[in-house]
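These notes are about the structure you will find just below.
Just so you know, all these numbers are worked out from the coordinates, no wet-lab data involved. All values derive from a computational prediction rather than experimental measurement. All Cβ positions, even for glycine, are placed from backbone atoms using ideal geometry, and neighbour counts span all protein chains on display.
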Amino acid sequence: MSRRGSMSAPPAPATTAVGLGFNLRAMYWKARQQLGVKGSGVTAAERWRFTILSVLRVVRALSGFQVSVADLIHRESDALDPPVAAGGGGKAFATGGPGGPEFRLEDYLAHHTVVIPPEIRAVLSKHRAEYTKADFSLIGRLMETMPAFKKYSPEVRKKLTRCAQYEAFGPGRVMIKQNQDAKSFYFILSGHVQVYKIENDVRMNLNELTAGDSFGELALLKGTKRTASILTTSRSEFLRIDKDDYLDVMKATADEDLQSKLAFFQSVPFLADLPLASLVKLAETCTKRDWPTNAVIVKEREPLANFYLIRSGL
């Protein structure tokens, strides 16, 4: 039934579209509560984007359960969206009836999952100084499954594997504190953390990170203080990379990359006679790209923004 319909009239059957429309509005109000801090500069468009992405996660979560979207709508907590709550509703989603287990939708939202096999978990219980060559190989295999790790080159990934130390903490642990010096950065193996900052004595929640994400590396690279705090909101597991190890890896990799580029440029006939200083400048400004077989690098009649030197392949 509509919100203004008679209470005695039989309710119209709720379709998925109606359910999504209801949840979309409800989640928009929730987004306003989470993001609408005065002075935060969050626009209405950003709130709607947050809302739509949340709805998509809800749809993916519901698809794994034999749960009616319409039933969940009618059971939705009136605290979530007081302006549009219909019919009073319950205080929580319930799947087991009175006294049954509580249905917490946020527990089932789609997130990347890092699976830790038993043999790797056994390795993680050791200190890094005790790792064997086989242990490093297992940890490398684990880190390769993490999206945040894949942004590094294969050379950097291999070196970072040898620097990682396992840690686990319960909820409420402050992993990083705003305005403090940066000492480490972390890959999240499991659990959730909240990113927030304090401005004018007001706490602003900025983001939530989960398994597969990383945090803290930017301050290490820039040599700046922490710009936000990170708090665990559930039991969480991490791989920690300390500042000195991270900077050593990045510097060594950068030096190796520079020498490799210089050697390649000196093998290219029309570059070989350039002064060394010019080759160094060229090496510092170019980037390495890899393409799979049959990939289109340049399209006919499109403006050419870069030029390419083929280092290997056809």
Report summary line: Most exposed first, judged by fewest Cβ atoms within 10 angstrom, LEU247, LEU209 run LEU247, LEU209
Report task. Select from ALA272, ALA252, VAL195 the residue farthest towards the positive end of the dipole of the range 112-314; place +1 on Cβ of Lys and Arg, -1 on Cβ of Asp and Glu, and compute about the Cα centre. Result -> VAL195
Query raised in the report: Out of PRO171, ASN205, GLY313, whose Cα points farthest toward the positive end of the dipole of the range 112-314 (charges: +1 Lys, Arg; -1 Asp, Glu; placed on Cβ)?
Result: PRO171
Report task. Among the listed pairs LYS159/LYS197; LYS133/LYS225; LYS197/LYS243, give every one whose C-alpha distance is greater than 28 Å. Result -> LYS159/LYS197; LYS133/LYS225
**Report entry** Pair GLN266, ASP248: separation of 7 Å Cα→Cβ label points (nm)
**Finding:** 2.8
Query - Only Lys, Arg (+1) and Asp, Glu (-1) charged, at Cβ; the range 186-311 dipole about Cα centre in debye - result: 240
Query raised in the report: To the nearest 20 debye, what charge dipole does the range 243-314 have about its Cα centre, counting +1 at the Cβ of each Lys and Arg and -1 at the Cβ of each Asp and Glu?
Result: 320
Query - Two-site label geometry, GLU130 and PHE169: point separation in nm, points 7 Å out along Cα→Cβ - result: 2.3
Query raised in the report: In the range 130-169, which residues have a backbone nitrogen under 15 Å from the label point lying 7 Å from ARG235's Cα in the Cα-to-Cβ direction?
Result: 167-169
Report summary line: Protection proxy (average C-beta count within 10 Å per residue), highest first, orders 294-302, 255-263, 267-275 as 255-263, 267-275, 294-302
